[in-house]
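Down below is the structure, laid out as structure tokens.
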Amino acid sequence: MATTQSALDRREVVARLLAGRDGLLVVTGLGSPTYDVHAAGDHDGNYYLWGAMGAAALVGLGLAQTQPDRTVVVITGDGEQLMGLGGLATIAVTNPQNLVVVVIDNNHFGETGMQVSHTGHGLDLAAVARSCGFSEARMACDTGGVEEIARALHAPASGARFFVIKVKAENPPRSLPPRDAVHIKNRFRAHLGLGTM
Amino acid sequence: MQLLEAKVFGGAVTGEDTAKSLDQGLLNEDWPSQLYRVLKAARVRQVSYVPDAGHSELIRLFAADPGVVSNVLTTEEEGIAIATGAWLGGSRSVLLLQSSGVGNCVNMLSLVTMTRTPLLMLVTMRGEWAEFNPWQVPMGLATAPVLTAMGIRVMRAETPHDLIETVESAATLAFDAEQQVAVLLSQRLLGAKKW
């Protein structure tokens with residue numbers, strides 16, 4: 001299988017996706033995507049995961065089903081999404097139009113020593129999502145493609161969407177959000193006008 | 001959240017209705033229907049499941065309910081992540097699974113314990129009462145210890161009456177006290193699988 005390479009900088013990509021984010025609700029997959037989203041600017045509408053590998057897109061699904069008038073963007077990595085491949089099948093069954101999954105794909109497990117991941121061995125996550133039944137699924141590997149995806153986050157859709165953005169394999173300096181998961185949960189819920197106990 | 005739920009559940013079954021049906025009830029109504037009413041009264045509006053014969057009637061009732069979103073899962077741990085997202089957005093979720101599926105959930109349970117997110121799991125037990133299939137036994141034995149080891153509160157029902165009261169209590173613990181609760185439905189209650 002051929003592997004798609006890219007010279008895109010992950011921090012610049014994520015910053016571009018979230019520039020002018022308006023009402024977007026953002027769920028992040030553990031590791032680099034969590035740091036990338038935090039580096040782009042902390043926000044009460046961000047829900048950062050520090051663990052639960054494979055959960056990000058499905059947390060996004062549960063949230064999207066509950067907040068149908070808000071766009072939910074999951075920003076995760078190739079390794080994290082690979083652990084939740086079955087979840088793509090589950091998402092596609094209800095196929096919520098307000099859910100967007102964006103995989104920042106560097107072809108590697110960046111957090112654990114840059115071991116080559118399945119996408120680095122040629123697996124095409126967008127093709128998997130398309131096969132599962134996402135309304136739209138495609139890959140970008142240049143700035144033009146990132147621009148299109150950034151605009152798509154604010155455009156109406158007919159169902160769940162899945163975008164893979166290929167980036168350079170590197171570990172930029174970590175930008176760490178709070179690890180206090182209860183705090184992040186309550187902050188996120190308060191952002192939506194929901195109370196605590 | 002109160003506003004959101006009041007709006008959504010304007011026409012839903014009330015606690016009073018449930019109490020009445022419980023009083024009149026278990027003799028002339030099957031326990032899955034009672035369970036459905038209890039969960040509706042608890043304002044559940046999302047359900048996730050890996051199918052199990054013991055849950056089939058409840059799955060059917062939820063699927064027919066336009067006020068509840070149903071998610072069929074490829075593996076049980078997905079339901080824990082979905083329930084977490086639902087609570088983030090202000091709604092209540094329940095996860096239906098078989099005891100074998102508890103083993104698939106182990107690491108994902110850290111999500112709800114770390115975030116102190118309400119979790120209500122209804123686990124149909126296999127491998128304990130008149131079990132024909134020995135492959136069900138190891139996870140049947142491990143179900144409660146595994147849940148407990150991950151910090152999940154385990155409750156158990158042996159009879160239909162137990163079950164309704166236990167699930168009512170578990171729903172309060174989960175959604176009002178932000179606890180993570182698994183109710184185990186004994187295989188004796190469900191009846192041994194016919195081969």
Q) What ranking do B:125, A:83 get, fewest neighbouring Cβ atoms within 10 angstrom at the top? A) A:83, B:125
Q | Only Lys, Arg (+1) and Asp, Glu (-1) charged, at Cβ; chain A dipole about Cα centre in debye | A | 300 debye
Q. Taking only the alpha carbons of region B:29-189, what extent do you get along each of the three principal axes, in Å, biggest first?
A. 42, 38, 27
Q. Quick one: putting +1 on the C-beta of Lys and Arg, -1 on the C-beta of Asp and Glu, what dipole do you get for region A:148-197 around its Cα centre, in Debye to the nearest 20?
A. 60 debye
Q: For residue A:166, list the aspartates and glutamates whose Cα falls under 13 Å from its own Cα; do not include residues on the same chain fewer than 8 positions away.
A: A:9, A:12, A:78, A:105, A:124, A:142
Q) Label-point separation (nm) for residue A:182 and residue A:136, each offset 7 Å from Cα along Cα-to-Cβ? A) 4.1 nm
Q: Please name which of B:183, B:79, B:147 has its Cα lying farthest along the dipole of region B:29-189 towards the positive end, using unit charges on Cβ (Lys, Arg +1; Asp, Glu -1) and the Cα centre as origin.
A: B:79
**Q.** Net charge contributed by nearby residues that have their C-beta within less than 11 Å of residue B:109 (K/R +1, D/E -1)
**A.** -2
Q: State, as an integer percentage, the relative contact order of region A:10-191 based on alpha-carbon contacts under 8 Å between residues 6 or more apart.
A: 25 percent
Q) Over chain A, what is the percentage of antiparallel beta bridges among all DSSP beta bridges, to the nearest 5? A) 10 percent
(Q) Looking only at the protein assembly as shown, where both bridge partners belong to it, what percent of the DSSP beta bridges are antiparallel (to the nearest 5)? (A) 5 percent
Q.
Quick check: net charge around residue A:145, other residues with Cβ under 10 Å of its Cβ, Lys/Arg +1 and Asp/Glu -1?
A. -1
Q) region B:167-195 to region A:88-109: how many Å between their Cα centroids? A) 31 Å
Q) Which values, in whole Å and largest first, are the semi-axes of the equivalent ellipsoid of the protein assembly as shown obtained as the square root of 5 times each eigenvalue of the Cα gyration tensor? A) 38, 23, 18
Q) Name the residues of region A:6-22 whose amide N is less than 17 Å from a point 7 angstrom out from the Cα of residue A:191 along the C-beta direction? A) A:14-22
Q | Neighbour net charge for residue A:106 - beta-carbon separation under 13 angstrom, K R +1, D E -1 | A | -3
Q) If each of residue B:135 and residue A:9 carries a label point 7 Å out from its Cα toward its Cβ, how far apart are those two points in nm? A) 5.3 nm
(Q) Can you compute the radius of gyration and Dmax for region B:135-180, using only the Cα atoms, both in Å? (A) 12.4, 37
Q) Roughly how big is the protein assembly as shown's charge dipole about its Cα centre, with Cβ charges of +1 (Lys, Arg) and -1 (Asp, Glu), in debye to the nearest 20? A) 240 debye
Q) If you wrap a convex hull around the C-alpha atoms of region A:10-191 and split its volume per residue, what is the figure in Å³? A) 100 Å³
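Every number here is computed from the coordinates shown, using simple stated rules; none is lab data. Just so we're clear, the structure is a prediction, and the values are computed from it rather than from any experiment. Note that each Cβ is placed from the backbone with ideal geometry, even for glycine, and that neighbours are counted across all protein chains shown.
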